[in-house]
Amino acid sequence: MPSAQIIVFFILAAVAVLGAVSLIVQRHPIRSALSLIVVMVSLAGLYLLQGAELVAAIQIIVYAGAIMVLFVFVIMLLNAGEEERTNVSRIARYAGLRLGFFLLLQLAWWVGRGWQGMATAAGSSPAMTRSISRLLFTDFLLPFELTSIL
């Protein structure tokens with residue numbers, strides 16, 4: 001019987017993959033942006049499962065929050081309508097199927113190699129979050145503040 005953590009992992013992974021497929025398949029840009037938000041939130045859940053609370057919080061706050069609001073605002077400001085299909089998109093579909101199949105083979109190969117040398121990460125996540133925060137606000141304060149100005 002698989003543990004609850006494995007079940008939640010597979011549910012979140014399935015939601016991320018379905019959201020990514022929906023992102024590509026949708027013809028309306030607002031729906032694509034909303035699908036991207038679903039992907040980002042499910043990735044934050046996967047980060048939580050791995051014990052990376054800081055990365056999960058950044059994923060939600062920065063990506064799913066700020067950047068996606070900006071994307072949706074720009075899409076609405078430009079009044080982007082539904083995508084038109086052309087002959088070029090049909091050609092791209094057939095080339096994309098071949099490239100997608102090749103990508104799937106590559107991913108399967110990398111995952112197969114990853115199972116052989118898989119190791120668990122050491123260290124407790126609250127201590128890691130605390131040490132990253134301490135470094136960010138002491139040694140790397142100037143680059144952090146310069147990035148926030150950008």
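Key figures
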| item | result |
| --- | --- |
| Flag if L107 is at pLDDT 80 or above, open to solvent by 60 Å² or more (accessible area, probe 1.4 Å) and within 26 Å of S42 (Cα to Cα) | yes |
| Qualifying residue in the stretch 15-34 (condition: at pLDDT 90 or above and more than 20 Å from L104 (Cβ to Cβ)) | no |
| Enumerated helices (runs of 4 or more DSSP H) restricted to the stretch 1-77, each holding at least 1 residues that are exposed (fewer than 12 other Cβ atoms within 10 Å of the Cβ) and either of a type in the set (S, T, N, Q) or in contact with a strand residue (DSSP E or B) (Cβ under 8 Å, 6 or more places away or on another chain) (or both) | 4-25 |
| Neighbours by Cβ (under 9 Å, 6+ apart or cross-chain): first from the stretch 122-150, under 16 Å from A52 (Cα atoms) and assigned to a helix (DSSP H, G or I); second modelled with pLDDT of 85 or more and open to solvent by 100 Å² or more (accessible area, probe 1.4 Å) | S125/Q50 |
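The values are calculated or read from the model by the stated rules, or taken from the named source; none is laboratory data. In this text, all values refer to a predicted model and were calculated from it rather than measured experimentally. We place every Cβ from the backbone using ideal geometry, glycine too, and count neighbours over all the protein chains shown. Ligands, DNA and RNA are stripped out before the accessible areas are found, and what is left, the full protein with its side chains, is counted by its heavy atoms. Shrake-Rupley method; radii C 1.70, N 1.55, O 1.52, S 1.80 Å.
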